[in-house]
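The values are calculated or read from the model by the stated rules, or taken from the named source; none is laboratory data. Treat the numbers as computed from the prediction; the structure is a model and nothing was measured. Neighbour counts run over all protein chains shown; Cβ positions are idealised from the backbone, glycine included.
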């Protein structure tokens, strides 16, 4: 049986989820992020029909779902609309100081102490890393929300595509 309408719909679904995810990332993180460039999808034929597979850089799930700290649990809303705790947690290690050091330089953060002197960057990075370990990182659900919206529309639109494919494949003898 030809399934052109189903394929077209699933490709549209995948592209819509990817575009919305990139849009949320642009809005929340600003500009073209490295993570944004890695988000994509693929439509794969399987025995039962098709599978829509989404891809992104490994750290994307941490940004999407957040990371709990040692003192505070981070929660996120999954694609089913349920608020659940992040599966990721800082336990013994802090975020790497090298990454935070580059971030501090890029953002131009240079606070001063009570005497008006600049705080050493190494001390600042340590304090930021310690706070992140304690409080965690709040997730932004940049992928969960678009997936939820796409799945809500999925049922009725897909049935229309199936209906069209059946009608197009009918043969009268």
Six or more apart or on different chains, Cβ under 6 Å: which pairs go from a residue in the stretch 20-33 that's within 11 Å of residue 145 (Cα to Cα) to one that's modelled with pLDDT of 90 or more and outside any helix (DSSP H, G or I)? Could you list them?
-> 21/39; 21/142; 21/143; 24/142
For residue 147, indicate whether it is under 19 Å from residue 56 (Cα atoms) and in contact with a helix residue (DSSP H, G or I) (Cβ under 8 Å, 6 or more places away or on another chain).
-> yes
Any idea how many residues of the stretch 19-36 are surrounded by 18 or more Cβ atoms within 10 Å (Cβ to Cβ) and out of contact with any helix residue (DSSP H, G or I) (no Cβ under 8 Å at 6 or more places or on another chain)?
-> 0
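Residues are listed down the side, and each one gets a yes or a no for (1) modelled with pLDDT of 90 or more; (2) surrounded by 14 or more Cβ atoms within 10 Å (Cβ to Cβ); (3) in contact with a helix residue (DSSP H, G or I) (Cβ under 8 Å, 6 or more places away or on another chain):
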| position | (1), (2), (3) |
| --- | --- |
| 4 | no, no, yes |
| 14 | yes, yes, no |
| 38 | yes, no, yes |
| 41 | yes, yes, yes |
| 49 | no, no, yes |
| 65 | yes, yes, yes |
| 81 | no, no, yes |
When residues of the stretch 83-106 are filtered for being surrounded by 11 or more Cβ atoms within 10 Å (Cβ to Cβ) and over 28 Å from residue 119 (Cα atoms), how many remain?
-> 6
Got a sec? Which of 61, 33, 70 is modelled with pLDDT under 90 and within 30 Å of residue 132 (Cα to Cα)?
-> 33
Would you pick out the residues in the stretch 5-35 that are touching a strand residue (DSSP E or B) at 6+ places or on another chain (Cβ under 8 Å) and more than 16 Å from residue 55 (Cα to Cα)?
-> 6, 7
Check the stretch 81-99 and report whether any residue there is touching a residue at least 60 places away in the same chain (Cβ under 8 Å) and not in a strand (DSSP E or B).
-> yes
Among (1) closer than 17 Å to residue 151 by Cβ; (2) under 19 Å from the mean Cα position of the chain (by Cα), the one test that residue 68 misses | (1)
